[in-house]
1. What are the ³J(HN,Hα) couplings of the range 296-310, residue after residue, when phi is run through the Karplus curve with 6.51, -1.76, 1.60 and θ = phi - 60°? Round to Hz, x for glycine and proline.
2. Could you give the radius of gyration (one decimal) and Dmax (whole number) of the Cα atoms in the range 100-140, in Å?
3. If you wrap the range 364-421's Cα atoms in a convex hull and average its projection over all directions, what's the area in nm²?
4. To the nearest 10 degrees, how steep is helix 18-28 against the longest Cα principal axis of the chain, on a 0 to 90 scale?
5. Let a ≥ b ≥ c be the square roots of the eigenvalues of the Cα gyration tensor of the range 199-240; is it rounded (a/c under 1.5), or, if not, prolate (a/b larger than b/c) or oblate?
6. Quick one: 3J(HN,Hα) in Hz for the range 38-50, Karplus 6.51/-1.76/1.60 with θ = phi - 60°, rounded, Gly and Pro as x.
7. So, how do all the Cα-to-Cα distances of the range 10-127 break down into 10 Å bins, in percent, from 0 on up?
8. Taking amide H positions as placed in the peptide plane 1.01 Å from N, state which residues far from residue 383 in sequence (5 or more) or on other chains have amide H under 5 Å from it.
Amino acid sequence: MATADEPLPRILLLDDDEIILLAIKETLSREHYELAVFSSAKAALAAVEKTPFSVIISDQRMPEMSGLDFLAACKQHQPHASRILITGVLTLNTVIEAVNRGEIFRFLAKPWIREELLATVRNGVHRFQLLEQNERLRRDTLELNEKLVAANHLLEDRLKELSAGKTALDHAHEALRRNFEHSLELCYRLIETFHPVLGRQTKAVTTICHQMADIGPFTAEEKHVLTASAWLNNIGMIGLPRGLVTRSLNDPDGLSSSEQDLLRHHPIYGQTLASFVDELRDVGETIRAHHERFDGRGYPDGIAGEDIPRPARYLAVAVAFVESSHPRDQALDTILQESGRAFDPEAVRLFLKVSHSMNLPRKVREVTLLELSPGQVLASGIYSPSGLLLIPEDRALDDSLIRKIKEHNAVTPITQRLLVYLRDA
């Protein structure tokens, strides 16, 4: 199922029997797909060469070529498309040939059951979307890897120059520290550029985790793992569609099951990307596990209790507080209530200790111009398209200021995202 920001999944149907084509088209027409119907294999192949499809459905017996031959040709042009073969006689030879050539996602036997057809097509669309998403993530990962490899080469050259004595080694250690901090800062900027609210949440989580690391019973390595994981906990989100991320922040309960499944992969993507920033395996494992629950009902692996990496248990509490849409006191009450279920009780105790000894970062949310109201406080400044600061951060809004913002937008549209602080209860 396509989201509001994405085009409808394209489905290609090929059958020389007009009655069957009409039946399939009638079944799928109500499922929000974009259908392309063909009775000629040559015409269908011409369309495949020009237009990407999520699912390709073909009958086996046709005058110009068999369904297997047609789907094999389609595979050369669109390897990610889910290919479905409809056949009236499903023989062992047909199955063996399809498996050996590797062009079939599913078989449908005539006469098919309507629910089976719909489920098969839906699964095919989901498979195509996952393959496409994995391919984008692979390209992004390779690009990031190339940049980090280039940075590491520069760092190695610098270390060779400074290896003459103790002073040189001190400089090298400092350069390593700065390089790591720069890498974390670069990742943070990538997250903030991808989605400002995610950037704010990342900064808030990092502030809390630094405080927990300072006063908690952690080893030096655990402190590093906790703080580095805090900086990188959202890095996997940049592998998801921006529209999906926005909806997950504004209306998480409104996501479809397939969107929720895709969203729940971000800790796995984050583990992969974090390995290019920090060599410690524990950082990646902590990021992967920061949405696990103490009672084993979390994701992506469903591990529980002591099986969850220790830094991840503390990171989970900070993330839950920052990502909560509730005001501070209500969010704190929820975390306390979930102690022993969603969260490690020791992690909750340390978080509450930190919450009493520091001013917790203020929560932010994204709003539209129409949602601006008196009493709100801007969480980021508003700028003109030329970069001129119009209204600074932390400015409280009143009717007059809101009217000026809307008047300015009517003349020169404000294109940036508008962030305000969430009001405390």
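1. x, 9, x, 9, x, 10, x, 7, 9, x, 5, 6, 6, x, 4
2. 13.5, 44
3. Across all orientations, the range 364-421 yields a mean hull projection of 3.4 nm².
4. Taking Cα atoms only, the helix is inclined about 20 degrees.
5. Judged from the Cα gyration tensor, the range 199-240 comes out oblate (a/c at least 1.5, b/c at or above a/b).
6. Calculated HN-Hα couplings, in order: 9, 10, 10, 5, 5, 5, 5, 5, 4, 5, 4, 5, 10 Hz.
7. Per 10 Å bin, starting at zero, the Cα-Cα P(r) for the range 10-127 comes out as 14, 53, 32, 1 percent.
8. The answer is 390.
Rule-based calculations on the coordinates, nothing more; no lab input. Just so it is clear, the model here is predicted, and its values are computed rather than measured. We place every Cβ from the backbone using ideal geometry, glycine too, and count neighbours over all the protein chains shown.
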